[in-house]
Amino acid sequence: MRTIDTDVVVIGGGATGAGVVRDVAMRGYRTVLLDRADLAQGTTGRYHGLLHSGGRYVVSDPRSATECAEENAIVTRIHADAVETTGGLFVSTPGDDPEFPDKFLAGATASKVPAEEIPVAQALRQEPRLNPGISRAIAVEDGAVDGWQMTWGAANSAKAYGAQILPYHEVTGIDRDDDQVRRVRAHDRKSGEDVHIDCTFVINCGGPWSGEIAAMAGCHDVEVVPGRGIMIAMNHRLVNTVVNRCIYPTDGDILVPVHTVSIIGTTDVKASDADKLTIPADEVQEMMDAGEALVPGFRNARAVHAWAGARPLVKDTRVSATDTRHMSRGMSIIDHHERDGLKGLLTITGGKLTTYRLMAENVVDDMCEQLGDKRPCHTAEEAVPKSEPGKTYLVTHRLEEREADRMDEQIICECELMTRSSYVEELHARPRANFDDIRRLTRMGMGPCQGGFCASRAAGLALHEEVVDVERASGLLELFIKNRWIGLWPILYGAQVRQTALDQWIFSGTLDIDHLPEPEQAVL
């Protein structure tokens, strides 16, 4: 067992947790971040990639709309390398409420969300695939954001200020001395080692798992409702602008261009367990139909991956316990000193990825107030490492880079133009990582072949670089393919069936993956 002495422990390595540990570290506290898996592997990594302008909420949740509009500008500045400033359109498709656009424009003005109605002809010139039957179009400042890159940017910023970032460390207990938090106990899932972290404060950023974490400290009845939503990635960018239906938020009303794909989302159904999220066939069809309403011929494109995420929604007494669509998207902070008589524990949940930095600022402000140690927040002014303000992401950047180095660099993943050197760099930077951990930072295997060609190359390179032995390389390959399959089976039809069959022939026929050497321990 090893021990760590620190001031603040942050539990949960999604965007909110990474934002909190960055804020805490920048205010001069010693801090440690724990997550039972990799960073941004939960809710943060399972969404549609939208950087909200606030437009979606100008009618349904004006406060959230204002927060999104303000934080959109800040995130674009401090995480420029993770943001694509696509712009957005809210359009009225045939059959939509003809009065809603006027409500939208009034709400945008009231909530200070930049919005401008443009001629339908202009919208169709900008996005030729849009439904030619749209009757109105409103331009907003939506964007696309890479949640994994954003989260790691915040985490690396925290590390630069002295924070310890510990993925794959599962919290097993929170110890208290009467009315004061004293220690967090965790288990290193990679090494099997137990870790005790002495501290004076814990900030619970567990998202849909926040209630379970709070209960470890004896603080029960933290009611967070997991709102399950499915999303589907199509094999290319059907649009280059975020397109929303100009209606009250509903299922399948957003199409987001993210990197090389377009993502349609999302449903919103109460889940009983955030660790067991289904992808029902009827919801897949619902998303495909919703795509047709925005882009006629949507079904002719190829669906390459489907996934589900769980929104951490605070139980809202104004609506039914199962009505997650109409629960507030606002953030909620629980002071367990006031509520449960326990000093040194705050829980933050709700909110949106776009407002992650503001959520962190608010909860760390509350921590400082409880400690009687007022220290100002500076996270809005300072860009994260390797992010250059004003130089946002462009979808063509990798193609430009490959044109420059094509004679010197081997391409490992053709779909996403991932080079050998970028992959090897990640291998050595994180030798305990699995291929999915590396995928989240490099996009390896996220294109049309879904790892069919690059996965075996990745395993071979890991062996060649002597980062792993034969058994672990085999285990990593099998785990990667298994995880890709989870997002493939719900969309197996048409071209995707043929691609999946080809991948199966490669792995089982040519490589005989079912009979590779088995690792002694389960691969994480």
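The values are calculated or read from the model by the stated rules, or taken from the named source; none is laboratory data. Remember, predicted model here, so these are calculated numbers, not experimental data. Please note: Cβ atoms are built from the backbone with ideal geometry, for glycine as well, and neighbour counts cover all protein chains shown. These accessible areas exclude ligands, DNA and RNA; they are computed on the full protein's heavy atoms, side chains included. Shrake-Rupley method; radii C 1.70, N 1.55, O 1.52, S 1.80 Å.
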Can you tell me which residue in region 261-305 is farthest from LEU488 (Cα to Cα), limited to those that are open to solvent by 50 Å² or more (accessible area, probe 1.4 Å) and β-branched (Val, Ile, Thr)?
-> VAL269
Show the residue pairs that are 6+ apart or on different chains and have beta-carbon atoms under 8 Å apart, the first residue being within region 274-301 and under 21 Å from PRO257 (Cβ atoms), the second being among the basic types (Lys, Arg).
-> MET288/ARG299; GLY291/ARG299; GLU292/ARG299; ALA293/ARG245; LEU294/ARG245; VAL295/ARG129; PRO296/ARG129; GLY297/ARG129
Among (1) surrounded by fewer than 22 Cβ atoms within 10 Å (Cβ to Cβ); (2) free of Cβ contacts under 8 Å to residues at least 60 places away in the same chain, the one test that ASN131 misses = (2)
Qualifying positions in region 225-241 - in contact with an Asp or Glu (Cβ under 9 Å, 6 or more places away or on another chain) and part of a strand (DSSP E or B) | VAL225, PRO226, GLY227, ARG228, GLY229, ILE230
Does region 433-455 contain at least one residue that is of a type in the set (A, V, I, L, M, F, W, C), part of a loop (DSSP other than H, G, I, E, B), open to solvent by 50 Å² or more (accessible area, probe 1.4 Å) and within 21 Å of LEU479 (Cβ to Cβ)?
-> yes
Name every residue in region 194-232 that is open to solvent by 10 Å² or more (accessible area, probe 1.4 Å) and closer than 30 Å to THR260 by Cβ, in order of residue number.
-> GLY207, PRO208, PRO226, ARG228
Has region 105-115 got at least one residue that is crowded, with 22+ Cβ neighbours inside 10 Å, within 29 Å of ALA380 (Cα to Cα), polar (S, T, N, Q) and within 26 Å of the chain's Cα centre (by Cα)?
-> yes
Can you find a residue in region 346-363 that is over 16 Å from ALA155 (Cα atoms), touching a helix residue (DSSP H, G or I) at 6+ places or on another chain (Cβ under 9 Å), open to solvent by 40 Å² or more (accessible area, probe 1.4 Å) and modelled with pLDDT of 95 or more?
-> no
Being in contact with a helix residue (DSSP H, G or I) (Cβ under 7 Å, 6 or more places away or on another chain), among the β-branched types (Val, Ile, Thr) and in a loop (DSSP other than H, G, I, E, B) is the filter; apply it to region 375-432 and report the residue that is surrounded by the most Cβ atoms within 10 Å (Cβ to Cβ).
-> VAL384
Considering region 12-45 alone, what residues qualify as being open to solvent by 10 Å² or more (accessible area, probe 1.4 Å) and among the hydrophobic types (A, V, I, L, M, F, W, C)?
-> MET26, ALA37
